[in-house]
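The values are calculated or read from the model by the stated rules, or taken from the named source; none is laboratory data. The shown structure was predicted, so the numbers you read here are calculated from the model rather than taken from an experiment. Heads up, the Cβs are rebuilt from the backbone with ideal geometry, glycines too, and the neighbour counts pull from every protein chain shown.
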Amino acid sequence: MWVGPGARGRGVGDALVRAVEEWARKAGAGELRLSVMPGNAHAAALYRRHGFEDMGPVGDELPDGGREHVMVKPLIRG
């Protein structure tokens, strides 16, 4: 997901995350999983606000040798 610079700070990212979560719940998904580029603190903060937990740099390897950070949010309430 990407929000253009002109739309940032207006709740667009929050609305997108809520919409995806609602769709996933209706589809019966047990969790949401995503990856964040290293250094993208704004995106990571957005996802944390919505209950995602950072699993660390375990995502795809990047050209510079770094790794994307995987974040997960369980959808099934126990």
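Tally the residues that are at pLDDT 90 or above and hydrophobic (A, V, I, L, M, F, W, C), restricting the search to segment 56-78. Walk me through it before giving the result.
Our first condition is that a residue be at pLDDT 90 or above; within segment 56-78, this holds for 70-75.
Checking which are hydrophobic (A, V, I, L, M, F, W, C) leaves us with 70-72, 75.
Total satisfying the criteria: 4.
When segment 59-78 is filtered for residues that are free of Cβ contacts under 8 Å to residues at least 24 places away in the same chain and within 15 Å of E31 (Cβ to Cβ), the ones remaining, listed by number, are R77, G78. Strands (runs of 3 or more DSSP E) fully within the chain that include at least 2 residues being surrounded by 11 or more Cβ atoms within 10 Å (Cβ to Cβ) and of a type in the set (A, V, I, L, M, F, W, C): 31-36, 69-74.
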